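Beneath this line is the structure, given in structure tokens, with notes to follow.
The values are calculated or read from the model by the stated rules, or taken from the named source; none is laboratory data. Since the structure is predicted, the reported quantities are computational estimates derived from the model, not experimental observations. In this analysis, Cβ positions are derived from the backbone assuming ideal geometry, glycine residues included, and neighbour counts consider all displayed protein chains. Note: areas computed on protein heavy atoms with side chains; ligands, DNA, RNA excluded. Shrake-Rupley method; radii C 1.70, N 1.55, O 1.52, S 1.80 Å.
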Amino acid sequence: MALISYDDTNAAAFAAGRELGTTGLHRWRDAVRQHLRPRTGTTLLDLGAGTGTWARAFTDWYGIRVLAVEPAPAMRDRCPYRPLLAGDARALPLAGSSVDGAWLSTMIHHVPDLDTMARELRRVLRPGAPVLIRSPFPGRYQRITLFSWFPEAIPALDRFPGLARVRCAFAEAGFPVSTVEPVAQTVAASMAEYAERMDRRAHTPLQLITEAEYQQGLARLRAVAAEAPPGPVVDHLDLLVLR
């Protein structure tokens, strides 16, 4: 299990290098709408909310209530979104059957006990409500730009929970149906911007390689970025939906 601590340094790097503008996330807006089917009165749990980017986006897109839960104090300090609760995936600070969906974005590799988290989500979700997991998964890195320039990080991704492991944990907790689809997202307006924002402290796979490997990848990235034509950098990240 890949696990890093979001202290002040890592949280600041995340805020500077990983936050995405909502203009490049319209395909996520459409994909989540399809599975969540938001309506007046919908309450969505954003578990591992980080700096609140997704909570703000869902509120703006759908006009729904989002409850943001984040365990790391350093991330909560950088999150202007409210309501924001301190909480752990293994003991959610929510009443039973109180939310209509759960959003988990690039956080399952930080959870030491997937089975307990799945049971907690089953407890707080209303019957039929979906769990929406946005994450890279082992073996499914080919359309993620990071791994083109840092192939040394591919073995690090193998330490993340795989699709089969996640599906098994949730099936045993009462989510027997699952689907997975790649969703496109714009991660930078240009390759030059992508290279400029690169910081290993903001990416778990890069924290799990050596400094020498990181510098080699950074040199490759900067060399290409200097000659790259204009145009956005687009990744495809998986959306796993469980019910």
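A few notes on this one:
- Distant-in-sequence amide H partners of W103 (H built 1.01 Å from N, under 5 Å): L45, D46, L47, L132
- Cα gyration tensor, the chain - rounded (a/c under 1.5), prolate or oblate: prolate
- Probing with 1.4 Å while keeping every protein chain in the model, the per residue accessible area of the chain equals 43 Å².
- Selected from A219, A16, A164 as most flexible by GNM, with the chain as the system and alpha-carbon contacts under 10 Å: A164
- If a spin label sat at a point 7 angstrom from the Cα of Q207 along the line to its beta carbon, the backbone N atoms of region 74-111 nearer than 15 Å would be those of 74-76, 106-111.
- Here the relative contact order of the chain, from alpha carbon pairs under 8 Å that lie six or more residues apart, stands at 23 percent.
- Nitroxide proxy distance, nm - points 7 Å out along Cα→Cβ at R126 and Q142: 4.0
- Cα shape, region 9-49, gyration tensor, a/c 1.5 rule: oblate
- Prolate/oblate/rounded call for region 1-117, Cα gyration tensor, a/c under 1.5 rounded: oblate
- Dividing the summed helix terms, -39500 (n - 2.57) for each DSSP H run of n ≥ 4, by the number of residues in the chain produces a 222 nm estimate of -11000 deg cm²/dmol to the nearest 500.
- Residue-count net charge about G52 - beta-carbon cut-off 11 Å; Lys, Arg +1, Asp, Glu -1: +1
- The HN-Hα couplings worked out from phi for region 168-184 by the Karplus form 6.51 cos²θ - 1.76 cosθ + 1.60 (θ = phi - 60°) are 5, 4, 6, 4, 5, 8, x, 10, x, 10, 8, 9, 9, 8, x, 10, 7 Hz, whole numbers, x standing for Gly and Pro.
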